[in-house]
1. Can you sort Lys52, Lys65, Lys59 by solvent-accessible area, 1.4 Å probe, largest first?
2. Taking 7 Å along the Cα-to-C-beta vector as the label spot, tell me the Ala3-Glu39 distance in nanometres, rounded to one decimal.
3. Taking the simple approach of a point 7 Å from Cα along Cα-to-Cβ for both Leu61 and Asp12, what is their distance in nm?
4. Using a 7 Å offset from the Cα along the Cα-to-Cβ direction at both Asn30 and Arg49, what is the distance between the two label points in nm, to one decimal?
5. If you wrap a convex hull around the alpha carbons of the chain, what volume per residue comes out, as a whole number of Å³?
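The values are calculated or read from the model by the stated rules, or taken from the named source; none is laboratory data. Keep in mind that what you see is a predicted model, and the values were worked out from it rather than measured. Quick reminder, even Gly has a Cβ in these numbers, built from the backbone with ideal geometry, and neighbours come from all protein chains shown. These accessible areas exclude ligands, DNA and RNA; they are computed on the full protein's heavy atoms, side chains included. Shrake-Rupley method; radii C 1.70, N 1.55, O 1.52, S 1.80 Å.
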Amino acid sequence: MPAPARQIVYVDTNVVIEAIDTGCWKALLNQFDIRTVAEVRRETQAGHRRIKSYVVVDKDLFDEKVKVFE
């Protein structure tokens, strides 16, 4: 019997950054089928990493776990 389909959750950049900042991003990736658009992927990799409050999004993990629509 096939595994049940996971619930689909669409996210924007704010959701990704807040989930990482609060420590629940990996749990979301493991629990849900996360989807977004290409602009969100670009936005998560943009920014000034020198700013103290900058939240780093692991590009490899994002690309592996999030389905991105072009």
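1. Values: Lys52 200, Lys65 75, Lys59 95 Å².
Sorted by accessible area, descending: Lys52, Lys59, Lys65.
2. 3.2
3. For Leu61 paired with Asp12, the spin-label model returns 2.3 nm.
4. 2.6
5. Per-residue hull volume (Cα only) is 86 Å³.
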